[in-house]
Amino acid sequence: EKIGVNDPFFSIGGNSLSAIMLLARIHKTFQKVIPLDIFFQNDSIGKLAKLIIGAEEESYKVIEPVAKQEHYPTSETQKMMYLLREIEGAETAYNMPSVLKIEGHLNKELFATALQKLVDRHESLRTSFEYVNGELVQRIADIVELDVTYLEMEEEQASEAAQLFIRPFELAQAPLARAGLIQIAPNVHLFLFDMHHIISDGLSISIILRDFMQLYHGAELPGLPVQYKDFTVWQNKMLQTEAVKKQETYWLSRFEGEIPILNIPPDFPRPPIQSFDGAQIVFHADEQVWSAFRTITEKSNSTMFMTLLAAYHILLSKLAGQSDISVGTSVAGRPHTDLEHVVGSFINTLVLRQKVDDSQTFMAFLEEVRKNVLEAFDNQDYQFQSLVDKIYPELDLSRNPLFDTMFTLNNFETPQLQLDGLTISVYPVDQPLAKFDLSMIAEERPDGLEFSLVYATKLYATDTAKRIAASFVHLLRQIAENERITIADLTLPTQVEWEEIVGQWQESSKKITSFYHHSPV
């Protein structure tokens with residue numbers, strides 16, 4: 001409730017995403033640019049004020065709305081999404097389904113009206129894609145009607161119906177979104193909403209939910225100064241600037257020489273074409289471990305993302321028996337304040353390559369990870385697909401380019417799920433897809449850290465995935481007990497320790513219920 005001028009940003013709940021948004025607002029308000037790594041060393045209001053006063057002016061350039069055209073250029077992310085959908089087995093891999101449970105008297109007329117107003121408000125929900133003269137373009141229809149499917153059934157059947165709701169989109173036909181409402185009991189409904197990743201990302205879902213709830217209440221929302229098409233025109237110009245060319249030099253230097261391939265021994269032969277068949281294991285690190293990691297994070301002037309990522313790098317190094325490890329992560333890709341309320345696919349992928357030295361202490365290694373992450377974030381405008389195109393003349397279709405594992409900390413602000421007289425909760429739906437060999441998704445909860453390990457079932461058996469998950473918990477516990485431990489002294493669990501850790505997990509159908517672990521590639 002009260003923030004002092006000397007309170008550190010990151011110890012009162014700030015994270016890398018909110019820091020980037022803050023620095024964008026500072027740029028707009030004061031016409032001053034504060035680099036992210038400098039902010040980390042001056043993360044209080046008092047220190048920031050001195051930085052702002054002393055910084056040179058750099059004008060803030062607004063994103064200009066473009067004139068109405070028959071079609072518009074696409075963003076780099078959209079081009080990549082369009083190509084990825086051609087991969088066999090990826091027909092629904094880039095769907096973004098969400099399901100809410102609504103309890104109470106739902107006004108279906110207001111519900112349908114609010115959904116249609118959403119489509120009218122956000123151009124991305126009226127966008128389709130096609131090739132014109134060999135170039136992928138987006139078309140925006142003036143009017144698109146969103147069909148809503150209404151069903152009644154028992155809750156046991158509804159889970160299967162939700163799975164059937166996730167089906168391929170035809171990208172040449174708007175809207176690339178669909179909605180459904182299933183009544184499972186008197187005054188109990190499941191609200192299903194699915195979109196293709198080519199028009200949306202995790203933050204967009206948050207925007208859509210927030211707008212929907214206000215529209216259901218009859219609110220008149222202020223107009224949007226820009227839409228996604230305006231961003232794509234702006235981005236295409238921005239990617240030609242000297243600043244982004246310098247970022248390209250940075251990324252190419254990070255991947256000079258032989259590209260590391262993660263060699264965690266699989267249980268089954270790798271398919272010649274990447275399979276998207278996957279499964280998920282949800283597991284937990286208790287409040288004691290979480291508390292210790294918060295202390296380590298604060299001491300090292302890091303973020304929880306950096307601290308957990310350092311531990312994940314060590315896990316992979318020990319499992320694979322290699323010191324050169326690359327991990328992918330996604331960034332919001334909204335460096336401009338004009339984009340905070342725009343629906344679209346902004347997300348970009350960063351590849352964090354790290355050398356793991358067994359002689360280092362965990363704290364020394366964390367400092368290197370922190371430096372690497374800050375540099376990567378400072379160069380995040382350069383697009384992942386551009387890097388892939390520069391490095392690989394020909395892709396290996398059996399695996400993801402540049403990295404085989406993703407790490408995500410879900411720290412998006414979840415909109416308050418609240419409608420008058422209604423109780424709303426996230427309803428977990430299993431989407432058994434694995435876009436990478438392994439994906440580790442972390443969330444901070446009141447009772448500790450919760451993780452979800454998504455694994456490719458064509459590569460790894462369930463017991464192997466459980467062993468990987470248990471090994472991560474085992475490493476976290478050792479680091480929590482002694483932050484100065486050397487990497488060489490960190491051990492993987494014995495058979496007895498592994499069985500003990502797995503036995504503590506509650507075997508259930510529980511899934512990570514955040515909307516925001518959708519990956520861009």
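Here I259 passes the criteria (1) open to solvent by 60 Å² or more (accessible area, probe 1.4 Å); (2) part of a loop (DSSP other than H, G, I, E, B) except the one numbered (1).
Go through the residues of the stretch 157-169 one by one and say whether even a single one is open to solvent by 60 Å² or more (accessible area, probe 1.4 Å) and among the aliphatic types (A, V, I, L, M). Scanning the stretch 157-169, I find at least one residue that is open to solvent by 60 Å² or more (accessible area, probe 1.4 Å) and among the aliphatic types (A, V, I, L, M), so the answer is yes.
Do the conditions hold for K246, that is, is it buried (at least 20 other Cβ atoms within 10 Å of the Cβ), in a helix (DSSP H, G or I) and charged (D, E, K, R)? In short, no. Taking residues in the stretch 442-463 that are assigned to a loop (DSSP other than H, G, I, E, B), and partners anywhere that are among the hydroxyl-bearing types (S, T, Y), the pairs with Cβ atoms closer than 7 Å and at least 6 places apart or on different chains are K458/S275. Can you tell me which residue is least open to solvent (accessible area, probe 1.4 Å) among those in the stretch 380-397 that are free of Cβ contacts under 8 Å to residues at least 12 places away in the same chain and of a type in the set (D, E, K, R)? For the stretch 380-397, the residue satisfying everything is D396. When the residues of the stretch 487-520 are filtered to those that are surrounded by 15 or more Cβ atoms within 10 Å (Cβ to Cβ) and part of a helix (DSSP H, G or I), which remaining residue is modelled with the highest pLDDT? Filtering the stretch 487-520 for residues that are surrounded by 15 or more Cβ atoms within 10 Å (Cβ to Cβ) and part of a helix (DSSP H, G or I), the one modelled with the highest pLDDT comes out as I487. So if I check each of P271, P222, which one is surrounded by 14 or more Cβ atoms within 10 Å (Cβ to Cβ), out of contact with any Ser or Thr (no Cβ under 6 Å at 6 or more places or on another chain) and more than 30 Å from F40 (Cβ to Cβ)? Of P271, P222, the one residue that is surrounded by 14 or more Cβ atoms within 10 Å (Cβ to Cβ), out of contact with any Ser or Thr (no Cβ under 6 Å at 6 or more places or on another chain) and more than 30 Å from F40 (Cβ to Cβ) is P271. With respect to the conditions (1) touching a Ser or Thr at 6+ places or on another chain (Cβ under 9 Å); (2) open to solvent by 40 Å² or more (accessible area, probe 1.4 Å), R370 lacks only one, and its number is (2).
Given the structure, is R254 in contact (Cβ under 8 Å) with a residue 40 or more places away in the chain and open to solvent by 20 Å² or more (accessible area, probe 1.4 Å)? For R254, the condition - in contact (Cβ under 8 Å) with a residue 40 or more places away in the chain and open to solvent by 20 Å² or more (accessible area, probe 1.4 Å) - is met.
Take A55 and tell me if it is among the aliphatic types (A, V, I, L, M) and surrounded by fewer than 16 Cβ atoms within 10 Å (Cβ to Cβ). When the stated conditions are applied, A55 does not pass them. Here's a check for you: in the stretch 395-411, which residue that is at pLDDT 90 or above and in a strand (DSSP E or B) is farthest from L453 (Cα to Cα)? Filtering first and then ranking leaves L409.
All conditions but one from (1) touching a residue at least 24 places away in the same chain (Cβ under 8 Å); (2) out of contact with any Phe, Trp or Tyr (no Cβ under 9 Å at 6 or more places or on another chain); (3) among the small types (G, A, S) apply to S16; the one that does not is (2).
Among the residues of the stretch 227-238, are any aromatic (F, W, Y), buried (at least 20 other Cβ atoms within 10 Å of the Cβ), farther than 30 Å from Q431 by Cα and more than 20 Å from the chain's Cα centre (by Cα)? Yes, the conditions are met somewhere in the stretch 227-238. Restricting the search to strands (runs of 3 or more DSSP E) fully inside the stretch 146-212 and requiring at least 2 residues that are touching a strand residue (DSSP E or B) at 6+ places or on another chain (Cβ under 8 Å) and of a type in the set (V, I, T) gives 148-152, 177-185.
Considering the stretch 91-118, the residues that are within 22 Å of the chain's Cα centre (by Cα) and assigned to a strand (DSSP E or B) include one that is nearest to I198 (Cα to Cα), namely N95. I'm trying to understand the selection: among the residues of the stretch 2-17, which are buried (at least 17 other Cβ atoms within 10 Å of the Cβ) and either of a type in the set (K, R) or part of a helix (DSSP H, G or I) (or both)? If the condition is that a residue be buried (at least 17 other Cβ atoms within 10 Å of the Cβ) and either of a type in the set (K, R) or part of a helix (DSSP H, G or I) (or both), then F9, F10, S16, L17 are the ones that fit. If a residue must be part of a helix (DSSP H, G or I) and hydroxyl-bearing (S, T, Y), how many such residues does the stretch 464-486 contain? Residues that pass the stated criteria total 2.
Among residues of the stretch 202-225 that are free of Cβ contacts under 8 Å to residues at least 12 places away in the same chain, those with a beta-carbon under 7 Å from a residue that is outside any helix (DSSP H, G or I) and open to solvent by 20 Å² or more (accessible area, probe 1.4 Å) at least six positions away or on a different chain give the pairs Q214/L221. Does T349 satisfy the criteria of being open to solvent by less than 20 Å² (accessible area, probe 1.4 Å), among the hydroxyl-bearing types (S, T, Y) and assigned to a strand (DSSP E or B)? Yes; evaluated as a whole, the condition is true for this residue. I'm checking my understanding of the structure. Among residues of the stretch 412-442 that are open to solvent by 50 Å² or more (accessible area, probe 1.4 Å) and in contact with a strand residue (DSSP E or B) (Cβ under 8 Å, 6 or more places away or on another chain), which one is modelled with the highest pLDDT? Result: T423. Looking across the stretch 34-57, just one residue is part of a loop (DSSP other than H, G, I, E, B) and either in contact with a strand residue (DSSP E or B) (Cβ under 7 Å, 6 or more places away or on another chain) or among the aromatic types (F, W, Y) (or both), and that is A55. So, I205, is that one closer than 29 Å to K79 by Cβ and either surrounded by 15 or more Cβ atoms within 10 Å (Cβ to Cβ) or out of contact with any helix residue (DSSP H, G or I) (no Cβ under 8 Å at 6 or more places or on another chain) (or both) or not? When the stated conditions are applied, I205 passes them. When we screen R121, R126 for residues that are charged (D, E, K, R), under 26 Å from the mean Cα position of the chain (by Cα) and closer than 22 Å to G218 by Cβ, the only hit is R121. Within the stretch 443-486, count every residue that is hydroxyl-bearing (S, T, Y), closer than 16 Å to A310 by Cβ and surrounded by fewer than 19 Cβ atoms within 10 Å (Cβ to Cβ). Going through the stretch 443-486 one residue at a time, the tally reaches 1.
The values are calculated or read from the model by the stated rules, or taken from the named source; none is laboratory data. Computed from a predicted model, the values in this text were never measured in an experiment. Note that each Cβ is placed from the backbone with ideal geometry, even for glycine, and that neighbours are counted across all protein chains shown. These accessible areas exclude ligands, DNA and RNA; they are computed on the full protein's heavy atoms, side chains included. Shrake-Rupley method; radii C 1.70, N 1.55, O 1.52, S 1.80 Å.
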